[in-house]
Each structure stands twice: as structure tokens, then as C-alpha cells.
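The structure appears right after this line, and notes come after that.
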Amino acid sequence: MLERYHKILSGKLQPYYLNAKERDRGRDFSSRTMDELWNELEKESKRGIPPLELKRELADRIMRNCILCERICGVNRERGEVGVCKVSETKISSVFTHLGEERELVPSQTVFFAGCNFKCAFCQNYEISQLNQGRKVAPEMLVEKLENSGGKNINWVGGDPTPNLPYILEVLSGLSKEVPQIWNSNLYLSEESMKILSKLMDVYLTDFKYWDDRCAKRLSKVEDYKHVLKKNHLLAEETGDLIIRHLVLPSHIECCTKPLLEWIDSELDEPRVNIMSQYRPVWNADQHEDIGRYLNAEEKREIRRLRDKYSHLGADR
Ligand code: SF4
């Protein structure tokens, strides 16, 4: 469990992004067509770790027709158009050393981005994700802050980091800190973004919310949730470590929590799982009968039983 992460911490492995920077060797990809860039990425991925500059070029071009996530909005964000996430230019809500993450991760140097591609009625972080509270920070200023900060890792979160992928790659290109990179996300990324993240992020810290697509559609306004999340979790574990968070929602243990945990246990290889019971009915939760309340005593007992059942996945918090 978390093998890659622990090896980086003990100095036995380099974080992927530093390997990717070594592969740059001053190469310039700006004159290539998009097809040529994707072919080059595929070729480089088969050989080893692709250059960071190649991924930056791809991510920057995607911004002209944004398909960073499975919303596939197709807006030109370079010209200031906005899609569902309402992110035009990157805004950062806060950067600080987080002591409340999973025990393996703390202290964690956490970068919170404003904006999100989800519209969760119960968002526990809605000031950042839905009200987009944050400010513009030049990438070189963030590099300087991260270089001089503590923490065992760098933790890219929000809102969601996905709409900010080009910005994150720009920061990584200026960074030299030998710490694991954590992609802390709803993992509703497009196939293209998953290819860019592959062999770049050392740990995927994911938020797996639902099993039933009808729940995902009604409460987060997303389509095809289960298919995308299953596919991306399987892709993520091919190259990185996985920590999966599941926030248990009131009234959703049978339709979502139980089948989701069964799938994780049977289909994924050694993920670390965190079954979370701190749900609060905030933001627009009171507009939905099922989630407009706290978890009740029986639901909390059921969560304890599930943590026992899945203790081999580290679900012990
Ligand atoms: S990041 Fe996702 S939600 Fe935002 S504009 Fe791009 S495709 Fe749309």
C-alpha cells in the first residue's frame, strides 16, 4: 500500500515530475500538430517517462477547446470563455500546511484552487468550489512558496485541480523539490487529461462519491459518473498509488457506499480507503430530502461495521 509514495519519502525513488523534467533536454514542441503531440506522448510513454514540456504543450493547447474533464465543454479558455467549472484563469484560495489529511500524508503542503467541475448540492467546501473565492497567483510566486515550505508532499486540490492542469504543469516545470505529488480530485478527468497525469502524479487521492448514476446526476449534476470513475481509477493505479476517500451520504449506504466499496475491494490492487463520516448538510443540501440531515445513529453504526469489514484496505479512521 502506497509503495511508490513511501519509496520517494525514503529517497529510494524520485518523484515522477523530476524524471519528466530531466527528459525535457531543451526540446521545443510548439511547432508540432496536435496529432503529432499525442503520437509523441504515446511513444515516449512506452519508452519510459515522457518529457514535461510535451505535456505542457498538450495541456496548453487543450485550453483552446477545453476537454480537460468529462464535461467536454469545448470552450476557448485562452480567450476567456468559461465552461461548467466557471474557471477562466486559475485562482488560488489558499496554500498551507495541512495537518488534517490521512495520517500517511501529514504534514501536507496543500494548494486549494477556486472552482470545480462538479455541482454537488452538499459541497463541504462550497465557498471555494462554487463561489470561486480565490486570487490570481503568478506561477513563479507559487514555486517560490512551495520551495520554501514544509510538508512531506505537495497536494493539488480545490474545488478541483482539473480545470487548472496547465497552471499546475507550469509550476512543476519551475519546481525542484523532491517530494511526492498528490492529485487530490473527484477524478472526473477526460481520457486526454489522464494521459497527461500518467507518470507525473505519484499519488491519486480521489473522492469516489456515488455508485448509482441517478444519485450522481441528481446531486452533482454529472453524467456517466460510475463509468468514468471506474475507468479512471483503473488507469490511475497503473502508474500511481491510490488513496480513495468516500464521504458517506445520509440515505446512500445501500445504493452507493456498499456497492462502491465492494467494487474497490474486488477490482483495485491495494488501494488505501478512507470511509468518511463527517458529512454536514451544507450549501443546498436542504433542498434534497435524503441528504438534508446529518448521518443518524444506525448509519454511523453501519459505517463502523464497514470500516471493520474493509480494515485490510486501511479503512480504520
Ligand atoms: S475543465 Fe471541464 S468543466 Fe471546465 S471548461 Fe474544461 S471541460 Fe468544462
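We did not get these values from a lab; they are worked out from the coordinates using the rules stated. What you see is a predicted model; the values in this text were computed from it and never measured. All Cβ positions, even for glycine, are placed from backbone atoms using ideal geometry, and neighbour counts span all protein chains on display.
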Which residue fluctuates most in the GNM of the chain (Cα springs below 10 Å): C123, C73, C85? C73
Residues whose placed amide H lies under 5 Å from that of E81, excluding near-sequence neighbours: N76
Just to confirm a number: summing +1 for Lys and Arg and -1 for Asp and Glu over residues other than E89 whose beta-carbon lies under 9 angstrom from that of E89, what do you get? +3
Sum -39500 (n - 2.57) across every DSSP H segment of at least 4 residues in the chain, then divide by the residue count to get the 222 nm mean residue ellipticity, nearest 500. -10500 deg cm²/dmol
Arrange V87, V75, V106 by Cβ neighbour counts within 10 Å, fewest through most, would you? V106, V75, V87
Within the set K55/K86; K86/K309; K12/K195; K91/K221; K91/K195, which residue pairs have Cα atoms separated by over 29 Å? K86/K309
Hey, quick one: spin label on M141, modelled 7 Å out along Cα-Cβ, who in the stretch 108-131 has an amide N within reach, i.e. under 19 Å? 110-115
Compare M63, M141, M201 in a GNM of the chain, Cα atoms joined below 10 Å, and give the one with the largest fluctuation. M141
Spatial extent of the stretch 3-313: Rg and Dmax, with the Cα atoms as the point set, Å: 19.1, 61
Hz values of 3J(HN,Hα) by residue in the stretch 235-248 - Karplus curve (6.51, -1.76, 1.60), Gly and Pro given as x: 5, 4, 6, 5, 10, x, 7, 10, 10, 10, 9, 10, 7, 6
Could you state the principal axis extents of the C-alpha atoms in the stretch 53-122, from the largest down, to the nearest angstrom? 39, 37, 19
In the chain, with Lys and Arg counted as +1 and Asp and Glu as -1 at Cβ, which of these residues, Y294, L229, C120, has the Cα nearest the positive end of the dipole, that is, farthest along it? Y294
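When the dipole is taken about the Cα centre of the stretch 23-98, and only Lys, Arg (+1) and Asp, Glu (-1) are charged at their Cβ, what size is it in debye, to the nearest 20? Before the final figure, lay out each step's value.
Numbers: 16 positive and 14 negative charges, 32 e Å.
For the stretch 23-98, the charge dipole is close to 160 debye.
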Using the beta-carbon distance between K86 and V106 and R0 = 35 Å, what value does 1/(1 + (r/R0)^6) give for FRET efficiency, to the nearest 0.05? 0.70
Measure off 7 Å from each Cα along the Cα-to-Cβ vector at R301 and K221, then give the distance between these two points in nanometres to one decimal. 3.9
Given a 10 angstrom Cα cut-off, can you work out which residue in W183, W283, W263 is the most mobile in a GNM of the chain? W263
Between the residues L131, V87, C215, the Cα farthest towards the positive end of the dipole of the chain, that dipole coming from +1 and -1 charges on the beta-carbon of Lys, Arg, Asp and Glu, is from L131
For the stretch 90-162 and the stretch 265-317, what is the separation of their Cα centres, given in Å? 23
Count the DSSP beta bridges whose two residues both fall in the chain, then state the antiparallel fraction as a percent rounded to the nearest 5. 30
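Which value, in debye to the nearest 20, describes the size of the charge dipole of the stretch 3-313 about its Cα centre when Lys and Arg Cβ atoms bear +1, Asp and Glu Cβ atoms bear -1, and nothing else is charged?
Working: 48 positive and 50 negative charges, 78 e Å.
Computed about the Cα centre, the dipole is about 380 debye.
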